[in-house]
Amino acid sequence: MMNRNPSDLATPGRPTLAARLPARLRGALYVLLSQYVTNGLAVAVGLLVILLIVAAGFGVATAASAGVGVLITTMPDVASPRHRKLTQMLPAPLLATPMYALVQYVHHDALLLGIVIVLGTYGSVMLMSWGKRGGPITFAVLIAMILAIAEPAPDSLRQIAASTGGFALGCVLYLIWAVAMTHLLNPLYRIQLLAESMVAFAKILRLQAARLTPEADHQQLLTAMLAQQITLADYLQGTRDVVLESPTTRRRQRLAAMLLALLEARDHQLACDLDLDYLLKHHASASLLTAPLLRSGLETAAAGMEQLALEMLLARARRATVPTPDLSEQLHGALPAQPDASRAPLPLTEGEPDADALLHSMANRIGHLHNETIRMARLARGDERPELAQVRSQWQMFVSPNQWTLQPLKLQLAWHAPVMRYALRATLAVAVGYLLSMHLPWQGHGYWVMLTTAVVMRGNLAQTVQRRNARVLGTLLGCLLVAGLLALRPSGLVILLVVALTTGMSHAFALRRYLYTTVAATFTALLLAHMLEAGLHPSFAAALRMADTLLGAAIAWLFSYILPAWERTQIPPLVTRCVNAQRQHAKLALALVDAAQTSDLPWRLARREAYDSLAALTLTLQRTVAEPRQVRLPVQAVEALQSCSYQLLGQLAAIKSLLLLRRPQLNLAVAQPALQQAAQRIQDALAGLDPDPGAGLDTGTSAAGQPFQPRPDPLVAADLTPWLLRRLKLACAMARELRLAADRVRV
């Protein structure tokens, strides 16, 4: 058990500031102090400063064009590593600027304009081949083209040059601003991203605790936990990219070490969940008797994680404390009495420990969870020195790749590729929107129909339906609010201020509350479009905008059924990726290495890939729910594959924990050959070569030929080899189940 400093404890009777705050206020602070809001404020201030500078120097018309340039440049502006900020943001203005100029050049010719819009839509959507990096660039180019139509048709090349020059000026000025803000806010982003991941993990612990309530709906909780695992995986990758970048200073190293501790806590949570599953299935009476105790332990661990995260956000990390540091001892003391650990071992019945043994194992896991939180608090205060030799020298291996290569595009050039179909579908939809906008029975704004179609349509039906509903409601609200604002005849300064604030708001809530983003984005787009069309005091017909919005959303929804890329067609490579990731992770997790001589970096990277592959699989499962019933994925089969994958990860996490934390209590003469044998069995099982991977695994005999009995309490057991052997046997069996589940999904 780790040594604890008395300062780890919250002083009795004097709870921490985070603990004293009401739950609603804590939830609001998590949002207000998040990196999303910080980033949104930076965007808003940058846009306002640039618009004021350009308006003062070149006039309102140029400021409007510059505003469009700033708007499209902000789209890829999220919290990111400093060294890749420019390469992350530069493609958007580089591709959008010539398209903005080209649209203006052909503005007078309806046929040429339609051709440019169609080809530009197809080319921009194909940028989605680069995944999350390509998405913002796609919409930057689309919105640049469509808002260029809102500008009055130019009468000369000089006007085109002036308008495009204003657009490019806005792009350049915001690029400078964004790079400067990234360097300035990088220390704050590191804290905010880490705190966000900690809060996401605490929610998983609370879901796990909820499973111990008598009235628990286990299927609903499992679905919620899988969704939260996706959220955590997404947060963790963003956190790795920023927190593990160049950990060269003491402060950065502390945060990097805290992130690694959080990753270890996640492994303990998975192992704890495995024991909980077994208890609920085989020892329900024992688990129900101790449910309040274990639930309280998990809630305490979650509360400690949340409180530490909030203390960090409030810049109180140096005073961070975590309550109840002796959680493991408290749980053991309240559990049923253990048999005498010194008695002679009994023969194994079926190789499984009894309920008391598993209860004490869960107590250990919950204690380890909380100990990692205590360690994080000590690191935050500077009381513990981070050990980061591998991360300091090889941090590039932990972050996402940022090279722009043609390989992702080549993979999507096939007829059945999802991005290719999305590009063709979006192109047809925008083309129809363009044709209809030219023959509307009302004098609307055709570009608004196309804009709505472009932003509503997504690569799959589920996201399109979600965006359609939010977009329609948000646009209707936004139109009413804009109509009310313009009816007051606000000054130019007020309009510029509102544009800046709404742009920042849409940026802040883009990934959290899309309805808020839609309302704010409607404000921004409409005000910029009207500035381009009619200066600072335009008239506004809210009813026509609403009609255009409904038409654009309807087109996007209808065309989602044309050339669809159903999730069923995407599942084979995802399943293959998942199985291969599990094979690599098992191979490295079961390697008995000397931590002082051999790096565990390959294992950490393999573990990350295993979690990421599962997150991709879960996202696919969520999206298929919105598809027609006859083309949906086999939901039960995919859920079984997910369950087996997480169970195998949990078993391997428990084994790795024994190897790292309890190695002196292992009989290496028995453990080492068993590890090697199990590793080979798992490889064969996942490759489909071993029909019964646990059949030949020796899990009950020591080197002296004596049977092992799993001890009730691993804290006091002299020999933990039986626990290791049990985990190995279960891992081998689970590998076979995983392979069978993968085969059922592929059918």
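The values are calculated or read from the model by the stated rules, or taken from the named source; none is laboratory data. Quick caveat, the model's predicted, so the values are computed rather than measured. Quick reminder, even Gly has a Cβ in these numbers, built from the backbone with ideal geometry, and neighbours come from all protein chains shown. These accessible areas exclude ligands, DNA and RNA; they are computed on the full protein's heavy atoms, side chains included. Shrake-Rupley method; radii C 1.70, N 1.55, O 1.52, S 1.80 Å.
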- Query: Among all residue pairs at least 6 apart or on different chains, which show Cβ distances below 8 Å where the first residue, located in segment 370-387, is at positive phi and the second is of a type outside the set (A, V, I, L, M, F, W, C) and open to solvent by less than 40 Å² (accessible area, probe 1.4 Å)?
  - Reply: GLY382/ARG254
- With the condition kept exactly as written, say whether any residue in segment 217-226 is over 30 Å from GLN269 (Cβ atoms), open to solvent by 40 Å² or more (accessible area, probe 1.4 Å) and touching a residue at least 40 places away in the same chain (Cβ under 8 Å). no
- For segment 483-492, state whether one or more residues are part of a helix (DSSP H, G or I), over 14 Å from ASP548 (Cβ atoms) and at pLDDT below 75. yes
- So which of VAL631, VAL638 ends up being buried (at least 17 other Cβ atoms within 10 Å of the Cβ), in contact (Cβ under 8 Å) with a residue 60 or more places away in the chain and β-branched (Val, Ile, Thr)? VAL638
- Query: How about segment 74-166: which helices (runs of 4 or more DSSP H) wholly inside it have at least 3 residues that are at pLDDT below 90, touching a Leu at 6+ places or on another chain (Cβ under 9 Å) and open to solvent by less than 20 Å² (accessible area, probe 1.4 Å)?
  - Reply: 134-150
- Message: I need every pair where a residue in segment 555-582 that is of a type in the set (Ser, Thr, Tyr) has its Cβ under 9 Å from the Cβ of a residue that is open to solvent by 60 Å² or more (accessible area, probe 1.4 Å), sequence separation at least 6 or different chains.
- Response: THR569/HIS416; THR576/ARG746
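Here's the yes/no breakdown for (1) surrounded by fewer than 19 Cβ atoms within 10 Å (Cβ to Cβ); (2) modelled with pLDDT of 85 or more; (3) over 23 Å from ALA616 (Cβ atoms); (4) in contact with a helix residue (DSSP H, G or I) (Cβ under 7 Å, 6 or more places away or on another chain):
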position: LEU232; (1), (2), (3), (4): no, yes, no, yes
position: LEU236; (1), (2), (3), (4): no, yes, no, yes
position: ALA257; (1), (2), (3), (4): no, yes, yes, yes
position: HIS268; (1), (2), (3), (4): no, no, yes, yes
position: LEU279; (1), (2), (3), (4): no, no, yes, yes
position: HIS282; (1), (2), (3), (4): yes, no, yes, no
position: SER285; (1), (2), (3), (4): yes, no, yes, no
position: THR290; (1), (2), (3), (4): no, no, yes, yes
position: ALA301; (1), (2), (3), (4): no, yes, yes, yes
- Query: Can we say PRO628 is in contact with a Leu (Cβ under 7 Å, 6 or more places away or on another chain) and not hydrophobic (A, V, I, L, M, F, W, C)?
  - Reply: no
- Query: For LEU33, all conditions in the list (1) within 28 Å of VAL243 (Cα to Cα); (2) open to solvent by less than 60 Å² (accessible area, probe 1.4 Å); (3) modelled with pLDDT under 85 hold save one; what is the number of the exception?
  - Reply: (3)
- Out of (1) of a type outside the set (Asp, Glu); (2) in a helix (DSSP H, G or I); (3) open to solvent by 20 Å² or more (accessible area, probe 1.4 Å), the odd one out for ALA202 is which? (3)
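Out of all the residues in segment 214-233, which are among the polar types (S, T, N, Q) and not in a helix (DSSP H, G or I)?
Across segment 214-233, there are no qualifying residues.
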- Hey, can you tell me all the residues within segment 546-569 that are of a type in the set (S, T, N, Q), assigned to a helix (DSSP H, G or I) and open to solvent by less than 40 Å² (accessible area, probe 1.4 Å)? THR549
- What about VAL45, is it outside any helix (DSSP H, G or I) and touching a residue at least 12 places away in the same chain (Cβ under 8 Å)? no
- Yes or no: ALA42 of a type outside the set (D, E, K, R) and modelled with pLDDT under 90? no
- Query: Within segment 616-651, how many residues turn out to be in a helix (DSSP H, G or I) and under 23 Å from the mean Cα position of the chain (by Cα)?
  - Reply: 23
